[in-house]
Amino acid sequence: MSKVEEFLSAEEEQDIIDAIKNAEKNTSGEIRVHIEETSKTDAYKRAMEVFHYLKMDETKLQNAVLIYVAIADKTFAIYGDKGINEVVSENFWNTTRDVIQQHFKSGNFKQGLVEGINEAGIQLKTYFPWLQDDTNELSDEISKL
């Protein structure tokens, strides 16, 4: 079994998927989580590559965000699309990052992701509230490589 398969139990993965669904009830923003064993490059750069690989840059409002985790490297990154970056402050993702980081340092990976997703949803709601005609443009499943 790979580190990716061992990182979260099936129940923990479902809790994360549920957190994504709940967060997206309040925002038109799209949230995804990607987990892989290691990144051969800087986590932020790798998150950007995965973001485009998953076609997250194709959302209508360009308001998708990816939480990227490289298990063996013990690192993660948050990457938001240009629609988000055009309207938010430079430190917009700091509170989300801090929530995730606090839990990851304690080994509480599922809780870090769940609370990070909740925080991302709250942050996105300010600039991208849920709209009556909103559709879920991206899968809520956890992406893995």
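The values are calculated or read from the model by the stated rules, or taken from the named source; none is laboratory data. Predicted, not measured: the structure shown is a model, and the values here were computed from it. Note: ideal-geometry Cβ built from the backbone for every residue, glycine included; neighbour counts use all protein chains shown.
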May I ask you to list the residues in the stretch 108-138 that are over 23 Å from residue 86 (Cα atoms) and at pLDDT 95 or above? 108, 109, 110, 111, 112, 113, 114, 115
Of the residues 55, 82, 40, which is more than 12 Å from the chain's Cα centre (by Cα) and on the phi > 0 side of the Ramachandran plot? 55
The stretch 42-71, residues that are in contact with a helix residue (DSSP H, G or I) (Cβ under 8 Å, 6 or more places away or on another chain) and either at pLDDT below 95 or closer than 22 Å to residue 133 by Cβ (or both): 57, 59, 61, 62, 63, 64, 65
Inspect the stretch 3-11 for any residue being modelled with pLDDT of 95 or more, of a type in the set (D, E, K, R) and more than 20 Å from residue 135 (Cβ to Cβ) and give the result as yes or no. yes
